[in-house]
Amino acid sequence: MITGSTGQDGAYLAELLLNKGYTVHGIKRRSSSFNTGRVDHLYQDPHELDVGFALHYGDMTDSTNLIRIVQEVQPTEIYNLAAQSNVQVSFETPEYTANADALGTLRLLEAIRILRLEKQVRFYQASTSGHLEK
């Protein structure tokens, strides 16, 4: 399972894992624009059999939603790449950024704990970084 799967790194990771034979479940934030351009070539109709790549709507600020997705997917690996990656927006909305980036990671870890999947799931935290430009 990959959070931030429609971002640049998430799309590359999804493609890599699919090429290794993984079934990949990506989490995509709801937005007013359809921002799946980086993973459109990986997408399959979820009604087909043996779908290798599936997208789920999720939000790192919604623990109930994350628990539901983890429970449905039953992942063996979770790659947390979701983050507020626009530096200007992160400075303009610092509380939301902290909620999504820092507490979002905690929410995923709590989902693993609550569902008693600690022995089943390997968790990879990519975190976030940014830089300022003049």
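The values are calculated or read from the model by the stated rules, or taken from the named source; none is laboratory data. Remember, predicted model here, so these are calculated numbers, not experimental data. Quick reminder, even Gly has a Cβ in these numbers, built from the backbone with ideal geometry, and neighbours come from all protein chains shown. Note: accessible area is taken over every heavy atom of the protein model, side chains too, but ligands, DNA and RNA are not part of it. Shrake-Rupley method; radii C 1.70, N 1.55, O 1.52, S 1.80 Å.
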Checklist outcome for this item: Checked pairs for the range 17-29, first among the charged types (D, E, K, R), second modelled with pLDDT of 95 or more, C-beta under 7 Å and 6 or more apart or across chains, list as none
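Tell me, which helices (runs of 4 or more DSSP H) wholly within the range 1-104 include 1 or more residues that are modelled with pLDDT under 85, open to solvent by less than 60 Å² (accessible area, probe 1.4 Å) and among the hydrophobic types (A, V, I, L, M, F, W, C)?
Correct list: 87-92.
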Checklist outcome for this item: Conditions (1) more than 20 Å from residue 16 (Cβ to Cβ); (2) modelled with pLDDT of 95 or more; (3) in a loop (DSSP other than H, G, I, E, B); (4) open to solvent by less than 50 Å² (accessible area, probe 1.4 Å) -> residue 120 fails only (4)
